[in-house]
Amino acid sequence: MSVRKEVQDAERRTRALLHAVVEGTTDAIYVKDRECRSLLVNNAACRMAGKRAEEMLGRDDTAVFAPETAQAGMEHDRALMASRTTETREDELTLANGERITVLTTEGPVLDDQGQVIGLFGISRDISERKRAEQERVRLQEQLQHAQKMEIVGRLAGGVAHDFNNLLTVINGYSDLLLDQLTPSDPMHDSVAEIRKAGERAAALSRQLLVLSRKQIVMSKVLDLNDAIVEIGRMLARVMGEDLRLEMDLSLSLGRVRADPGQVQQVLMNLAVNARDAMPSGGTLLIRTENVQLGEDYAQQHSEVKPGAYVLMEVSDTGIGMDEDVKAHLFEPFFTTKKPGEGTGLGLATVYSIVKQSGGSIRTYSEPGEGTTFRIYLPRIEEGVSPQADQPRATPASLRGTETILVVEGQEDLRKMVRVVLTNYGYHVLEAGNPGEALLVAERHSGPIHLALPDVVMPGMDGRELTGRLKALRPRMEIIFMSEYSEPVMIQRGILDLDAGYLLKPFSPEALATRLREVLGRPRAATILVVDDEAGIRGFMRNVLTGAGYKVMEARDGKDALEQIRGSEVNLVLTDLVMPEMEGLETIRIIRGEWPDVKIIAISGMFGGRFLHAAELLGAHATLAKPIRPDDLLEAVRRALAETGL
């Protein structure tokens, strides 16, 4: 009797121990019969299923799981019992309440004393949180790899764009100079115009490279997206072609965003071109806008998005769509599904970069044969639209100047092109191939240097350091930097001072001349009095000087010259030395005594130029021996007027 009691007590202790283990574990433990009905479930199994024990015991999987999950699970359990094997696997399950969980399960057959299968045991662990953490880690790793890839491409793009823009400045600059000289009827006009158009297309490609490199920060302003969409609508219609339909569904109460209008239109153009290529047999492109509010749930699913108010710009097409593999690489630079020569692979990468730089996000929805939708979210702001300022076009005469410009550029062909342009506009040009040469020129040049035009990227010394050293030598000299990088980028990185001028490459001759006048101020044409008793010589010098932008007066002799000086503001006198009534030497003596600020250039061809030395002794600032070449005349005039700032 005592032995039986001991056995019973041992069995009770064993059952209690097993019960404590089964109920104490956090893993779900269950036992099923051969019909897949639950015979045993612990508390953890009830918590995982969201059911009470009495709702599960005696019932099969349909009491716990969604129909498809239950049916698949029971078929698998029967197969496992039939094979008499034990296995561990990972399953994604849908519960009866619709919740999806991921579990790690070990299952195997339960045998009786004769070795017959009488049921199935299982131990399941909910690993949903771990799987979500792993997926998040993978997603973040992919984002990091994408960011690193974009950074590498950005560095490459920035370096390529520097040399590329130098070449484009030369190509486009000379094209503009030629077009100014050719009439539309000239046989060469159309050919040069085509070169210029190709240069513009290349410049647009260069701007895309700079967007990728994040070295061209958007010139943002407050705007209504609807305005930007409507403005580019006609151009999009031409891009789409006759067999494609463009539709717009624009919200009348759309909020404002802060973005670059030009880059918003570039986004639309790139998306429209992609949509056109995806609809070879025709279709519809729909552009839609609306105000949206993105909540915490959306932000948690998309870590780059902050909750808040946004403006949605949605671009949808009815094209061939994309599979998951294409979507995975969609925004990568140089990735394209087009044939070689049909696309650069920069379009959508540029779209992505523009949207990111504007503080927004972009999502893509597409299935093969079902078309594609791009949804662009830009932060909504409570500000009025920035006013549009109409900039009057400068006239050629207002762009001329006579100042001295120091061009600092290491690329010889670009430096030469800038020199030709500035000379054509009337400027006196000094050149330097590197910062060291620029400092030597600034130190040794005897006259004033009104403005320096250096490149930002130069070997041995960056633009900021060169500016400081040039300013130390010539404090009154203005600076305009040439660069393919945007002005805000250079200011942000400390390369460019806030008070320095700036010119974006590639630039046209007119843009260069306009920027010079903006920095130097409106040109004030110097007044020059030409004194000579021969009308032909006066006419020759008048034509040369007025062509260079000077205001010219004429006098027959010294007496006539003095009367004109008394009645007008004259900056410089060009006087012959041998004339009737009053000769040049006497004229010089009187002018120096009464008007010491007036500059004087003596001209003579008599007696082998011996009078010219006497003119210098009387105060002439320069001398020229007849016959006079136009270039020598202009150089002497520029030097004489340089001290006056004209």
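Consider Arg4 against the criteria (1) surrounded by fewer than 17 Cβ atoms within 10 Å (Cβ to Cβ); (2) under 60 Å from the mean Cα position of the chain (by Cα); (3) among the charged types (D, E, K, R): it satisfies all of them except one. Which criterion is unmet?
(2)
Quick one: how many residues across segment 504-526 are touching a residue at least 24 places away in the same chain (Cβ under 8 Å), assigned to a helix (DSSP H, G or I) and either closer than 21 Å to Leu624 by Cα or among the aliphatic types (A, V, I, L, M) (or both)?
Qualifying residue count, segment 504-526: 5.
If Ser124 satisfies every condition in (1) buried (at least 16 other Cβ atoms within 10 Å of the Cβ); (2) at pLDDT below 90; (3) among the polar types (S, T, N, Q) but one, which is the exception?
It fails just one condition, (2).
Of the numbered conditions (1) closer than 18 Å to Asn165 by Cβ; (2) modelled with pLDDT of 90 or more; (3) not hydrophobic (A, V, I, L, M, F, W, C), Asp532 satisfies every one except a single condition; which is it?
Going through the list (1) closer than 18 Å to Asn165 by Cβ; (2) modelled with pLDDT of 90 or more; (3) not hydrophobic (A, V, I, L, M, F, W, C), Asp532 breaks only (1).
Filter segment 546-576 for residues that are within 50 Å of the chain's Cα centre (by Cα) and at pLDDT 90 or above and give the result.
Of everything in segment 546-576, those that are within 50 Å of the chain's Cα centre (by Cα) and at pLDDT 90 or above turn out to be Val552, Leu572.
Just to verify a result, which residue in segment 83-121, among those that are in contact (Cβ under 8 Å) with a residue 12 or more places away in the chain and outside any strand (DSSP E or B), is surrounded by the fewest Cβ atoms within 10 Å (Cβ to Cβ)?
Gly98
Hey, can you tell me all the residues within segment 289-303 that are out of contact with any Pro (no Cβ under 9 Å at 6 or more places or on another chain) and in a strand (DSSP E or B)?
The answer is Thr289, Glu290, Asn291, Val292.
Within segment 304-345, track down each residue that is basic (Lys, Arg) and either at pLDDT 75 or above or under 26 Å from Gly255 (Cβ atoms) (or both).
Lys306, Lys327, listed by residue number.
Got a sec? Which of Arg4, Arg13, Arg37, Arg47 is farther than 14 Å from Gly122 by Cβ, at pLDDT 90 or above and of a type outside the set (A, V, I, L, M)? So that I can check it myself, show each step before the final result.
On the way: Arg4 fails: at pLDDT 90 or above; Arg13 fails: at pLDDT 90 or above; Arg37 fails: farther than 14 Å from Gly122 by Cβ.
Sole residue among the options that is farther than 14 Å from Gly122 by Cβ, at pLDDT 90 or above and of a type outside the set (A, V, I, L, M): Arg47.
Here's the yes/no breakdown for (1) part of a loop (DSSP other than H, G, I, E, B); (2) in contact with a Leu (Cβ under 9 Å, 6 or more places away or on another chain); (3) among the aliphatic types (A, V, I, L, M); (4) surrounded by 15 or more Cβ atoms within 10 Å (Cβ to Cβ):
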site	(1), (2), (3), (4)
Leu268	no, yes, yes, yes
Ala272	no, yes, yes, yes
Ser281	yes, no, no, no
Ile287	no, yes, yes, yes
Val305	yes, yes, yes, yes
Leu312	no, yes, yes, yes
Asp325	no, no, no, no
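Only one of Asp9, Asp77 is touching a residue at least 40 places away in the same chain (Cβ under 8 Å), at negative phi and assigned to a helix (DSSP H, G or I). Can you tell me which?
That would be Asp77, the only listed residue that is touching a residue at least 40 places away in the same chain (Cβ under 8 Å), at negative phi and assigned to a helix (DSSP H, G or I).
Hydrophobic (A, V, I, L, M, F, W, C), modelled with pLDDT under 75 and surrounded by fewer than 22 Cβ atoms within 10 Å (Cβ to Cβ): which single residue out of Ile491, Ile480 fits that description? Outline the logic, then answer.
Working: Ile480 fails: modelled with pLDDT under 75.
Exactly one residue qualifies, and that residue is Ile491.
Conditions (1) crowded, with 19+ Cβ neighbours inside 10 Å; (2) among the hydroxyl-bearing types (Ser, Thr, Tyr); (3) in a loop (DSSP other than H, G, I, E, B), marked per residue:
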position	(1), (2), (3)
Ile528	yes, no, no
Arg538	yes, no, no
Asn543	no, no, no
Thr546	no, yes, no
Gln564	no, no, no
Val570	yes, no, yes
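Hey, among Asp227, Asp190, which residue is modelled with pLDDT of 75 or more and either assigned by TED's automatic domain parsing to the domain that holds Leu330 or among the aromatic types (Phe, Trp, Tyr) (or both)?
The conditions single out Asp227.
Run Val222 past the list (1) within 24 Å of the chain's Cα centre (by Cα); (2) surrounded by 15 or more Cβ atoms within 10 Å (Cβ to Cβ); (3) assigned to a helix (DSSP H, G or I) and report the number of the one that doesn't hold.
(3)
Please go through (1) part of a helix (DSSP H, G or I); (2) crowded, with 17+ Cβ neighbours inside 10 Å; (3) of a type in the set (A, V, I, L, M, F, W, C) for Leu17 and return the number of the only condition it doesn't satisfy.
Evaluating Leu17 over (1) part of a helix (DSSP H, G or I); (2) crowded, with 17+ Cβ neighbours inside 10 Å; (3) of a type in the set (A, V, I, L, M, F, W, C) leaves (2) as the failure.
Pairs, please: C-beta under 7 Å, at least 6 apart or cross-chain, first residue closer than 17 Å to Ile449 by Cα and in segment 621-646, second in a loop (DSSP other than H, G, I, E, B) and modelled with pLDDT of 85 or more?
Within 7 Å, the pairs are Ala640/His621; Leu641/Asn571; Thr644/Asn571; Leu646/Asn571.
The values are calculated or read from the model by the stated rules, or taken from the named source; none is laboratory data. For clarity, every value in this text was computed on a predicted model and none was experimentally measured. Please note: Cβ atoms are built from the backbone with ideal geometry, for glycine as well, and neighbour counts cover all protein chains shown.
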